[in-house]
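Enquirer: Below is one structure. I have some questions about it.
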Amino acid sequence: MGGIVSTTPPSHKFPLSTVETSQYLRPSKLLLNVTVENSLGAIQVLMSPEDTVADLVKAALLIYDKDKRRPLLKDTDPKCYHLHYSPYTLQSLKPNEKLKNLGSRNFFLCSKPPTSFGFI
């Protein structure tokens, strides 16, 4: 099971710090699993709850490319990919949506279908 998991510097003590809100404590980092289309196993990414779906896509693609996972990606541009809750959901997540509002920690990253021009 591969992938890089970002960790806090050694000077930090566990458990991870929390951000206090008016109703409850919220963790300062989220461990998210992203499965890339046609790939084996999920990539684990440690992100801030304030980050967006677009940030998660960018981080997952960076880790996937850095790890030289197979199959190799044709394109590593985050704009060429959609993030979904699972491979079985048709609707992709909005790129500007905050991670803390998603309600899941497991996602599926797939390439956008190619657009065809010139239909007659």
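The values are calculated or read from the model by the stated rules, or taken from the named source; none is laboratory data. Model, not experiment: these values are computed from the prediction. No Cβ is skipped: glycine too gets one built from the backbone with ideal geometry, and neighbour counts run over all protein chains shown. Side chains included, ligands, DNA and RNA excluded: accessible areas come from the protein's heavy atoms. Shrake-Rupley method; radii C 1.70, N 1.55, O 1.52, S 1.80 Å.
Enquirer: How large a share of the accessible area of the stretch 27-84, in percent, is made up of carbon and sulfur atoms when the probe is 1.4 Å and the other protein chains stay in place? Could the numbers behind the result be given before it?
Expert: Working: 1680 of 3140 Å².
Its accessible area is 54 percent carbon and sulfur atoms.
Enquirer: Which cross-chain or sequence-distant (5 or more) residues have an amide H under 5 Å from the amide H of Glu97, H modelled 1.01 Å from N in plane?
Expert: Amide H neighbours of Glu97, under 5 Å, 5+ apart: Val53, Ala54.
Enquirer: Taking amide H positions as placed 1.01 Å from N in the peptide plane, with prolines and chain starts having none, which residues 5 or more places from Phe107, or on another chain, fall under 5 Å of its amide H?
Expert: When sequence neighbours closer than 5 places are left aside, the close amide H contacts are Asn33, Val34, Thr35.
Enquirer: Which value, in Å², gives the accessible area per residue of the stretch 63-111 when a 1.4 Å probe is used on the protein heavy atoms? Show your work: numbers first, answer last.
Expert: Details: 3460 Å² over 49 residues.
Spelled out: the 1.4 Å probe surface of the stretch 63-111, per residue, equals 71 Å².
Enquirer: Further question on the same structure: Based on alpha-carbon positions alone, could you give the equivalent ellipsoid semi-axes of the stretch 26-78 from the gyration tensor, as √(5λ), descending, whole Å? Could the numbers behind the result be given before it?
Expert: Values: eigenvalues 91, 27, 13 Å².
Each semi-axis is the square root of five times an eigenvalue, giving 21, 12, 8 Å.
Enquirer: On to the next question. Where in the stretch 24-56 does the label zone of Ser92 land, with the point 7 angstrom along Cα→C-beta and an amide N cut-off under 13 Å?
Expert: 37, 53-55
Enquirer: If the cut-off is 23 Å between C-alpha atoms, which lysines fall inside it for Lys79, apart from same-chain ones fewer than 8 positions away?
Expert: Reachable lysines: Lys58, Lys66, Lys68, Lys94, Lys98, Lys100, Lys112.
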